[in-house]
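To start, the structure under review is shown below, and the notes come after it.
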């Protein structure tokens, strides 16, 4: 079962001619989920291999503009170009579910209402209620009314308010293949990291042995792999334990928003196959990074080691760093410097400095 991450934007703060701001798409078979939707993300989708109409869930890490300002535009683009695929959905069975911090529902509703933007499909916004330790010291000074009120947008369904549970997680949803949770991380505003946990995978089917037993390729193979004992036309009984290997642990992908301290997520993120972590500024600028709530490559790599991640993908680069392969003018630095600084801590070969429109495949265990 395939699983990919496509990086549509890897810049911090604001988009550039050669780099968009934060937006990642997680794709696995029939699932296509977007993580953050910075300004211009709809244009980045059009440049990529992603089919916009396939996006059915959007996750917003926090309410800073470089992670959020593209959301209403993306939904309007989706509505204009893909009304047939989406319009049959209802508020009880919405075509797009959106998850993010408290205030996201009001933000999106206000943007769509004031711009009089119709949406040809139904959507819902599920809000994550932050806990006190996520709030900055000046929260009261900047604290507008975050809760939504009044009439729903014509395309909007009733969303949930999700609170942290006893495990320290915000449980977002679960289906037959995945469990998705959020956890707190520290930034200048309430911010979250998202954990995509694939459920246990069935063992490998021994096709050669099945052939020896006279089982023809086809639907029976799928039934046996799913643990069903089958009886052949000749009366022979095929027990799955005789032809299916041991089950395998599912993959775990952890995608963080901006942070200078992701430590609250340590337990939930343990054993990640892939950790996506910001690395806004180089190690020598650690004090500046901390001042603005961001991380350096060393900080990202240290957290990756702490959680036992198998691989680390860096993103959210300051404009001072040019994309990989770009021609550097005098005094300019490449994001390769950030990758090298992370590799010095995490080890070479398992660190990627993400590039816009790059797709990274998440390997299956034991493959």
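The values are calculated or read from the model by the stated rules, or taken from the named source; none is laboratory data. All values derive from a computational prediction rather than experimental measurement. Please note: Cβ atoms are built from the backbone with ideal geometry, for glycine as well, and neighbour counts cover all protein chains shown.
How many residues are within 18 Å of residue 304 (Cα to Cα), surrounded by fewer than 16 Cβ atoms within 10 Å (Cβ to Cβ) and touching a strand residue (DSSP E or B) at 6+ places or on another chain (Cβ under 7 Å) when one looks only at the stretch 358-367? So that I can check it myself, show each step before the final result.
Narrowing the stretch 358-367 to residues within 18 Å of residue 304 (Cα to Cα): 360, 362-363.
Checking which are surrounded by fewer than 16 Cβ atoms within 10 Å (Cβ to Cβ) leaves us with 363.
Retained after the next criterion (residues that are touching a strand residue (DSSP E or B) at 6+ places or on another chain (Cβ under 7 Å)): none.
Count: 0.
Right, residue 355: out of contact with any strand residue (DSSP E or B) (no Cβ under 6 Å at 6 or more places or on another chain), exposed (fewer than 14 other Cβ atoms within 10 Å of the Cβ), part of a loop (DSSP other than H, G, I, E, B) and in contact (Cβ under 8 Å) with a residue 40 or more places away in the chain or not?
Judged against the criteria, residue 355 is not a match.
One residue stands out in the stretch 323-340 among those that are at pLDDT 90 or above and under 24 Å from the mean Cα position of the chain (by Cα): the one that is surrounded by the fewest Cβ atoms within 10 Å (Cβ to Cβ), namely 336. Mind checking whether some residue in the stretch 134-141 is within 19 Å of residue 59 (Cβ to Cβ) and surrounded by 14 or more Cβ atoms within 10 Å (Cβ to Cβ)? Looking for residues that are within 19 Å of residue 59 (Cβ to Cβ) and surrounded by 14 or more Cβ atoms within 10 Å (Cβ to Cβ), one finds at least one in the stretch 134-141, hence yes.
What are the residues in the stretch 142-167 that are more than 17 Å from residue 102 (Cα to Cα) and surrounded by fewer than 18 Cβ atoms within 10 Å (Cβ to Cβ), if any?
The first filter runs over the stretch 142-167 and keeps only residues more than 17 Å from residue 102 (Cα to Cα), leaving 151, 153-155, 166-167.
Once the filter is applied, which keeps residues that are more than 17 Å from residue 102 (Cα to Cα) and surrounded by fewer than 18 Cβ atoms within 10 Å (Cβ to Cβ), the stretch 142-167 yields 151, 154, 166, 167.
Any idea which residue in the stretch 97-111 is nearest to the chain's Cα centre (by Cα), counting only those that are buried (at least 22 other Cβ atoms within 10 Å of the Cβ) and part of a helix (DSSP H, G or I)? Going through the qualifying residues, I end up with 104.
Residues in the stretch 108-132 that are within 29 Å of residue 260 (Cβ to Cβ) and touching a helix residue (DSSP H, G or I) at 6+ places or on another chain (Cβ under 8 Å): 108, 111, 125, 127.
I'd like to check something: does the stretch 63-81 contain any residue that is over 15 Å from the mean Cα position of the chain (by Cα), assigned to a loop (DSSP other than H, G, I, E, B), at positive phi and touching a residue at least 12 places away in the same chain (Cβ under 8 Å)? Among the residues of the stretch 63-81, not one is over 15 Å from the mean Cα position of the chain (by Cα), assigned to a loop (DSSP other than H, G, I, E, B), at positive phi and touching a residue at least 12 places away in the same chain (Cβ under 8 Å), which makes the answer no.
Mind checking whether some residue in the stretch 52-72 is modelled with pLDDT under 85 and closer than 29 Å to residue 183 by Cβ? If you could, list the steps in order and put the result at the bottom.
Filtering the stretch 52-72 for residues modelled with pLDDT under 85 gives none.
Among the residues of the stretch 52-72, not one is modelled with pLDDT under 85 and closer than 29 Å to residue 183 by Cβ, which makes the answer no.
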